[in-house]
1. For region 346-356, which residues satisfy the criterion of being loosely packed, with under 14 Cβ neighbours inside 10 Å and free of Cβ contacts under 8 Å to residues at least 24 places away in the same chain?
2. Is there any pair linking a residue in region 235-255 that is outside the structural domain of CYS41 (by TED's automatic domain parsing) to one that is in a helix (DSSP H, G or I) and of a type in the set (Gly, Ala, Ser), with Cβ under 6 Å and at least six apart or on different chains, and which?
3. For the list (1) modelled with pLDDT under 75; (2) more than 30 Å from ILE229 (Cβ to Cβ), I need the number of the one condition that MET169 fails.
4. Does GLN331 count as crowded, with 18+ Cβ neighbours inside 10 Å and either out of contact with any His (no Cβ under 6 Å at 6 or more places or on another chain) or touching a residue at least 12 places away in the same chain (Cβ under 8 Å) (or both)?
5. Test ALA293 against the stated conditions and say whether it is in contact with a helix residue (DSSP H, G or I) (Cβ under 6 Å, 6 or more places away or on another chain), over 19 Å from SER312 (Cβ atoms) and either charged (D, E, K, R) or in contact (Cβ under 8 Å) with a residue 12 or more places away in the chain (or both).
6. Read through the list (1) under 29 Å from the mean Cα position of the chain (by Cα); (2) of a type outside the set (A, V, I, L, M); (3) at pLDDT below 90, then give the number of the only condition that SER360 fails.
7. Here are the criteria: (1) part of a helix (DSSP H, G or I); (2) surrounded by 16 or more Cβ atoms within 10 Å (Cβ to Cβ); (3) not basic (Lys, Arg). Tell me which single one ASP243 does not satisfy.
Amino acid sequence: MRIYSQYNCQSFQALHVNPKTLKRLGTTKEALLKNASIKDCIDRAEVTLKSKRHYDFKEFYREDIEAISTLTGLAGGLVGAAGTLIVGLLRALSLVKTDAALWWPFAAGCSIPVLSIASYLISRIVPRIRYTGEIQAGDRIENNKLAGRVTKQHEFYEKDNYKLAEELMKKGNNDFRMVMTKYTIDTPKGILSILNDDKIKENFTNGDCFNYKINEQGDTLLTRFFDIIPDADNQNEYNQILDKMKNMKGIIYNQKDSFGISVLEKILNAENFAALELVKDYKFPYSEELDDACSNIADKNFKNKALNLNFSFPQIENVLSEGGYLDKVLQKLSASPFFNANKDKLSKEILVYTDNWNKSYRSEFLFPVLLKHGMLPNEVIDARIEELKNVETEQRLREASNYGFYS
């Protein structure tokens with residue numbers, strides 16, 4: 001998840017927020033990233049947070065003036081009487097000699113209701129300035145504001161759980177279906193015509209049209225496209241579509257069709273080099289079905305490229321975050337070519353994730369499991385050996401001291 005302080009970035013989905021807006025709303029970047037409306041939407045659209053200024057005027061009531069006049073009049077009278085008594089005593093004791101001092105209590109008593117009424121009137125005339133935030137989601141940011149299809153605007157609350165991303169998808173899907181009905185989606189030529197439609201080029205530049213459902217079974221334009229096998233008749237249009245997809249950062253490649261077959265499985269089954277190149281930087285969640293697809297690959301170069309793709313392993317993530325037997329999970333994954341190809345990267349990710357764990361727990365429980373499966377880096381092994389040497393040396397010195405060898 002990303003957050004940026006500038007508005008003029010054009011090439012990614014992100015949250016754009018102005019530091020002044022944060023200050024006005026009394027919030028922080030961390031609070032924004034925890035907001036469900038923003039968190040759910042940030043990876044599929046440009047999201048910005050704007051502040052709105054409101055002027056709150058308090059109502060004027062005549063009854064308030066009368067009440068203030070009565071109460072402050074009584075208070076002023078008491079202050080005047082008490083002040084006159086005090087000044088009289090001071091004059092009797094010759095501590096105050098000027099005759100003007102007799103007017104001081106009267107002036108103080110009169111000022112109380114006057115100042116109170118003036119304060120009340122000022123509080124009604126001068127408004128209180130208040131700021132509220134508004135989340136806006138759309139296709140892109142231009143000139144410090146959303147451009148293109150502003151899908152939704154929603155008032156911002158830190159603990160809000162409004163489904164902004166869901167609304168974004170609903171409206172986008174409806175807009176896309178209106179265009180899709182004019183074309184066929186079973187051929188590269190038809191899909192290319194959809195992408196070249198003026199409304200698509202204007203409103204779906206980030207490629208989210210590939211994420212929308214095209215039928216009740218749950219197929220999308222992306223899964224339908226990768227069902228097509230390129231040949232001599234459609235290769236030109238097929239390549240044009242791939243070229244367009246390279247610049248579409250909003251495509252979610254982790255999709256499955258109505259039969260549960262993932263996009264990556266389709267690419268592996270077809271041994272489609274061009275498609276594999278397209279998704280080389282995308283991070284796919286590992287599944288056992290990918291192992292079956294990999295075992296059927298005939299071209300060695302294609303298989304090597306496939307094994308070098310980026311993968312996440314939800315099974316390991318769940319064990320580390322929720323608890324469980326990591327050894328059993330790694331043992332089960334050890335037969336996967338994708339797991340073995342990603343061992344080094346995965347071991348580093350595990351060590352980073354557990355960096356704040358109890359040091360003894362890591363050393364005594366986590367490290368032996370990683371070592372067993374060949375996932376403990378050499379530098380960690382060397383550091384652990386050195387640590388054990390120091391512990392052993394310290395223990396021997398302590399034993400020698402106990403036997404009186406050192407005084």
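1. Answer for region 346-356, where residues must be loosely packed, with under 14 Cβ neighbours inside 10 Å and free of Cβ contacts under 8 Å to residues at least 24 places away in the same chain: VAL352, ASP355, ASN356.
2. LEU242/ALA274
3. (2) is the only condition that MET169 fails.
4. no
5. Here the answer is no, as ALA293 does not meet what is asked.
6. (1)
7. (2)
The values are calculated or read from the model by the stated rules, or taken from the named source; none is laboratory data. On a predicted model such as this, the values are computed, not experimentally measured, just so you know. All Cβ positions, even for glycine, are placed from backbone atoms using ideal geometry, and neighbour counts span all protein chains on display.
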